[in-house]
Each structure stands twice: as structure tokens, then as C-alpha cells.
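The values are calculated or read from the model by the stated rules, or taken from the named source; none is laboratory data. On a predicted model such as this, the values are computed, not experimentally measured, just so you know. Neighbour counts are summed over all protein chains in view; Cβ atoms, including those assigned to glycine, are modelled from backbone coordinates with ideal geometry. When the accessible area is computed, the model is the full protein with side chains, heavy atoms only, and any ligands, DNA or RNA have been set aside. Shrake-Rupley method; radii C 1.70, N 1.55, O 1.52, S 1.80 Å.
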Amino acid sequence: QVPTAFARAYTQSHRRRSEIVHFMAWGGGRRPVAPRLRSRCAHLGLAVIWLAVCAAPVADAFGEAPKFLIATSPSTSTIAYVRLPDDQVRTMEGPAMQVLVSTGLQFPQGVAVDDYRQMLYVADPSLGKLVRYKLQASGDTLQVGKMETVASGVEVRAVAISGLKRIIGLVFHRCYPTEGRTTPQTVYDGSALKEVSSPGGIAVDNFFVYWLNKAGGQGSGTLVRALQHPAVDLGGNVTSLVAHAPGVHKLADNADKCYGICLALGNAYFSDEFKSLYGVSRAAVARSEEVAITGSFTEPRGCAYDGDSTVYVADKTENAIYGFAANMERLMPGREMVKAAELQGAFGVTVFTDLGGAAKAA
């Protein structure tokens, strides 16, 4: 049974929001980093889910908003972008992307945007911190401001943004960038919750947090959904890591190792280590089964929804990002993938909607 609050999350209108930045850190990982960059949990080999919080007003936007596809390239230590056409997925061979960030990063993986505040968040495990950049669009061109630290002392690999009217009691791993407080607090921890096992990707809606596991997914859960509201005291501090959390639910357990996840309408899409992209209902129950959307990839990694009708998936080996129509009434296998852009070693991917550009066009 789907909680009533889950249904309400789809219909609430948010005139003002509080910025919720969820991100994942893993104390191990295949790419070594200096000990001083590892989180305090690293020596325990624990997988943890984190969150950062700050507050800011939201401006309304009208008209058609320009959209930009943004992706990370860990192999070149860069982030790139391309303006998306108004007719969604390109029908031609995807163009090469333009460089957006060329310095300061070491191994950027996960990436997410806050459209309302025009912020780009980047998870770079080799930096040992979560960082962000101010975005500015002009026509087909996108630029970033200086790098800012959101959370430090973490080996972060994935990040997601959530907007809520209230943030009281929301503590996953939380910090306050606007107040200069960047030390996060742990909420979901692999030492207390078996459903956290080398998390490989994260997504959020207004009520739940979703993550993928990269180790033992068929036992711990390939795709897991949990409440965003852990047990906290009056000071907003986590009081327990909820070893038997009633709000934790496995949505899929079909693969041992997965990487990228994105939410589109009522479904969650996620990629495995090789070839396949799957879809499952966000309100899946025990009898639900994931659907193999395609098996045409080589090494699929991050995925992102454009907020309209298209899901984009990065393929690291194919050096490309592909898109497909995700506005289907029910999940269907064998979807056609269209190349949207080319990028060496494409990994994390997100879509930025320039709401300021929409206001100008109105």
C-alpha cells in the first residue's frame, strides 16, 4: 500500500522551497584517494547516505524554458554541456558537447542541478567533498561561476536535489552551506541497515529517497526506497540509524551491481553494470517486476529525466549519451535509443532547465 503522503507529494504546489541536497559516499571504492580525503566512516568500510540542506526562495517562471544536457567525464576530469533542441530527442547523430568545467575537478562522477537557484552540484570522490557552481545561460551558451564547497570530508559519488516546503526533522547527512557549516550527519548506514551496500546511485522525490547498490544487490536490494524523515531529536540530530526501518522497501532485486538512477513520472529507471536499463514503478509492491527497457548499451552509467518526456542515459564505453521517450502509460521493453550527444567517457548526466530564459521568452 502506498502511503497517503506519497500521493500528496505529486500534487503539492511549492511556491517557496528549501533546498535538499542528497548525496552518497562510500568509504572504499575502486579509485584510491588520499587518507585525509576519506570520510570518518571510511576506515570502517561503511556505505552511507548523506544530505546537505540550505534555504532559498524560488522564483516562478513562464514560457518555454531552454534545456541543457550536462554530463561528467571522469576520464578527462571535465564537465560538458549541449543545448537541447525544442523537439526533445535529436533525430541526428548526437553532436559533441562543449566544455563547461575544465579545471579544479579530479574524477567527477555524479551530477545534479537545482533549476530554481541555477546551481550545478558535482560529486567528485577524489576531491573528498561535494561542490557546486552557479550556472548562467545565454542563448545556446552555458557558463559556471567559481567552485563552492557544499560538504567536506566525504568521498561522494552521487548527488540528487529535492525541494520541500519544510525541512524540519529532515536529516540524512546534513549541513548548512549558507552558514559555513559543511560537516554532514549520517542517517542511513550500511553497518545498521543491510539495504545499504556500496550505494551506486541516488534519486529523491518530495517524500522518499531511492538508491542503488553496487554490491550484493540481489540480496540487499538492487533498488531501494526509504523515507526521507529519519528519527531526530529536537535539535535536528539523528538519534538512531534505524536498523529495522519500517519505511525501507526494496523496489527491485534483479541485479547485483547497478549505477545510475532517475525518476520520471511514476517510474524509476536504473542501469546495471553492463548493457541494460530497467524500469519499475515508484510505487512497486512485492508482486511488481522490473521491465528491461533496453539491453543495447555497453556500459550504461548515469541517467536523467528532462522533466517533460525524455530520459537520457550515459554510456561510458560508447562515449555517448542516448535518449528515449519515457512518457509511456505503462513500462514497455525494447525502447528505441537515440544518440543525443557525444562525450568521452560519459558518466553522470543531468538536465538543466533555464527558468530565467523562460521568463525572458514570456
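Shown in residue order for region 262-271 are the 3J(HN,Hα) couplings computed by the Karplus curve 6.51 cos²θ - 1.76 cosθ + 1.60 at θ = phi - 60°: 8, 9, 9, 6, x, 10, 10, 10, 8, 9 Hz (x for Gly and Pro). Less than 5 angstrom separates the built amide H of VAL150 from those of LEU130, VAL131, ARG132, all sequence-distant by 5 or more or on a different chain.
For ILE161, ILE79, the ranking by accessible surface with the largest value first comes to ILE161, ILE79, using a 1.4 Å probe.
Counted residue by residue at 0.36 nm each, then reduced by the alpha carbon distance between them, the extension gain from GLN344 to VAL99 reaches 87.1 nm. Between ASP86 and LYS134, the FRET efficiency from the beta-carbon distance, with R0 = 30 Å, is close to 0.75. By a 1.4 Å probe calculation restricted to protein chains, GLU318 has an accessible surface near 80 Å², given to the nearest 10. My understanding is that a pair violates if its Cα-Cα distance is over 20 Å; which of LYS134/LYS214; LYS257/LYS316; LYS67/LYS214; LYS194/LYS257 do that in this structure? Cα-Cα > 20 Å for LYS134/LYS214; LYS67/LYS214; rest within.
Given their separation in residues at 0.36 nm each and the Cα-Cα distance between them, VAL285 and GLU273 gain 1.9 nm when the chain is fully extended. Each peptide in 114-125, 333-344 was scored by the mean count of other Cβ atoms within 10 Å over its residues; highest first, the order is 114-125, 333-344.
Ordering MET328, MET147 by accessible area with a probe of 1.4 Å, largest first, what comes out? Can you show the working numbers first?
Values: MET328 25, MET147 65 Å².
In descending accessible area the options line up as MET147, MET328.
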